[in-house]
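The values are calculated or read from the model by the stated rules, or taken from the named source; none is laboratory data. Since the model is a prediction, treat every value here as computed from it, not as a measurement. Methodologically, a virtual Cβ is constructed for each residue, glycine included, from the backbone with ideal geometry; neighbour enumeration extends over all protein chains shown. Keep in mind that these areas ignore ligands, DNA and RNA; they rest on the heavy atoms of the full protein, side chains included. Shrake-Rupley method; radii C 1.70, N 1.55, O 1.52, S 1.80 Å.
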Amino acid sequence: MKLYDIIVWDPSSDSANDVVCYKHEAEDFNTHTQLIVHQSQEAVFFKDGRALDLFGPGKHTLKTENIPLLKKLVNIPTDGKTPFHCEVYFVNKVYQVDMKWGAPSLQTEDPVYGIIVNVGASGTCGAQIKDSRKFLTKLVGTRGVYTRNDLTQFLRSSIIMNIKDALGRIMNKNKISFLQATTEIKSYSREVMGMLNEVFAEYGIEILKFDWETLSVPQEDLKPLKDAKNRAITRAVEGYTYQQEQNFDVMKRAASNQGMAGTMMGAGMGFGMGAGMGMPMGMSMGNIAQNTVGQMNAQSQAQQQPAGGNSCPSCGSSVVAGAKFCPSCGTKVAAPAKKFCIECGTEIADGMRFCPSCGHKTEG
């Protein structure tokens, strides 16, 4: 059994920042062993998988006074050099800068126009180990070496998992569309960093710098957003709402139908578009609809009443001229009294004010 008198991690200058955590090979050492922790390092004693005593920068003599948590698990006498077994992990607390992250495609809903778009995002971040115990127990585990690349991969995957929610929360709060976000998102980097730190605190990691460098939306997704924006501008200028626009579309479809109803709807809409230039569109559209319905009802009644005919006094059905009984219910229908021109004797139909033969004015 090899006993260690000095425990130290002194990586070469070229690789010092490439290793974030290192498990020292020493597992059996004496009390009164010297533990040397360099600046920006932290040493953590493990026993049976538990993170116990923690040591900051400096030279430490391992004795009962400065390893109280380990002493609870190991019977360490106060006199002499007594060997005991545990593990030592060194954590590099240097600020790790310029770690790149990127999310190639995030499908999310535009908070202003409600259109689903695909978003690409990328940037850089800088992180530091804040809590060595959490970092070792939650992330490193039993690995002998944990590198900067390992940390970058973890941060990148975690950012991608959480950036969609962070982006949605920010854009909804600020009521901005992706059309504006592509130029303004850098100003929200600090806010996103705060949201991400809520996630990384569980692993003892703190994001000290977060740069959101790009936010891209493909052209095929930008076009529907631009179209929606242009429609919104048109509604604002002409003074009507999205709901009124939908009602107008319904009337337009009705106007395209065949028959008198479509003709009357088309005429009403044409008038409404002109009237809307000088009054609120909602009032104009309401008047159009009301007038159109009235015209349609009048036309319908005119179509139901045959020329020269009567209506049944019992059921209201149309009765052709000269009929003595209602074709629907059989009720006897009184023939209307005939009128004749007093000048030439020509029969005068109801509603005529002058005789069609001689031009003499009728009595009624």
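How do the pairs read when you match residues in the range 194-214 that are closer than 20 Å to C21 by Cβ and open to solvent by 40 Å² or more (accessible area, probe 1.4 Å) with residues anywhere that are outside any helix (DSSP H, G or I) and at pLDDT 90 or above, using Cβ under 6 Å and keeping only pairs 6 or more apart or on different chains?
Within 6 Å, the pairs are E206/Q128; E206/K130; L208/G126; L208/Q128.
Looking at the range 67-96 only, could you name the residues that are at pLDDT below 90 and either in contact with a His (Cβ under 6 Å, 6 or more places away or on another chain) or open to solvent by 60 Å² or more (accessible area, probe 1.4 Å) (or both)?
P68, L69, K71, K72, L73, N75, T78, D79, K81, P83, H85
Taking the range 1-20 as the search range and keeping residues that are modelled with pLDDT of 75 or more and farther than 20 Å from I67 by Cβ, which one is surrounded by the most Cβ atoms within 10 Å (Cβ to Cβ)?
Taking the range 1-20 as the starting set, the residues that turn out to be modelled with pLDDT of 75 or more are 5-11, 18-20.
Filter again for farther than 20 Å from I67 by Cβ, leaving 10-11, 18-20.
On the way: D10: 10, P11: 15, D18: 14, V19: 18, V20: 26.
Restricting to residues being modelled with pLDDT of 75 or more and farther than 20 Å from I67 by Cβ, the top hit is V20.
Return the residues of the range 103-114 that are exposed (fewer than 15 other Cβ atoms within 10 Å of the Cβ) and on the phi < 0 side of the Ramachandran plot; say none if nothing qualifies. Spell out the reasoning first.
Here is the first cut: in the range 103-114, the ones exposed (fewer than 15 other Cβ atoms within 10 Å of the Cβ) are 104-105, 107, 109, 114.
Those that are exposed (fewer than 15 other Cβ atoms within 10 Å of the Cβ) and on the phi < 0 side of the Ramachandran plot: P104, S105, Q107, E109.
Does any residue in the range 79-100 that is under 30 Å from A121 (Cβ atoms) and in a strand (DSSP E or B) come within less than 9 Å, Cβ to Cβ, of a residue that is open to solvent by less than 50 Å² (accessible area, probe 1.4 Å) and modelled with pLDDT under 80 six or more places away or on a different chain, and which pairs are these?
Partner pairs satisfying both residue conditions: N92/P11; N92/A16.
Identify the single condition in (1) more than 21 Å from G141 (Cα to Cα); (2) at pLDDT below 90; (3) open to solvent by less than 70 Å² (accessible area, probe 1.4 Å) that A51 does not satisfy, given that it satisfies every other one.
The single condition A51 does not satisfy is (1).
Could you go through the range 227-235 and let me know if any residue there is at pLDDT 80 or above, under 30 Å from E42 (Cβ atoms) and surrounded by fewer than 16 Cβ atoms within 10 Å (Cβ to Cβ).
There is no residue in the range 227-235 that is at pLDDT 80 or above, under 30 Å from E42 (Cβ atoms) and surrounded by fewer than 16 Cβ atoms within 10 Å (Cβ to Cβ).
So which pairs qualify, if the first residue must be in the range 145-171 and over 21 Å from K186 (Cα atoms), the second must be in a helix (DSSP H, G or I), the Cβ gap must be under 7 Å, and the two must be at least 6 apart or on different chains?
Between residues of the range 145-171 that are over 21 Å from K186 (Cα atoms) and residues that are in a helix (DSSP H, G or I), the close pairs are Y146/V140; F154/L139.
Scan the range 21-34 for residues that are within 10 Å of F90 (Cβ to Cβ) and open to solvent by less than 30 Å² (accessible area, probe 1.4 Å) and report the count. Show your work before the answer.
First, pick out the residues of the range 21-34 that are within 10 Å of F90 (Cβ to Cβ): 21-24.
Next, from what is left, pick out any that are open to solvent by less than 30 Å² (accessible area, probe 1.4 Å): 21, 24.
Going through the range 21-34 one residue at a time, the tally reaches 2.
Does any residue of the range 131-153 turn out to be within 23 Å of V217 (Cα to Cα) and open to solvent by less than 70 Å² (accessible area, probe 1.4 Å)?
From the range 131-153, those within 23 Å of V217 (Cα to Cα) are none; that's our starting set.
Within the range 131-153, not a single residue is within 23 Å of V217 (Cα to Cα) and open to solvent by less than 70 Å² (accessible area, probe 1.4 Å).
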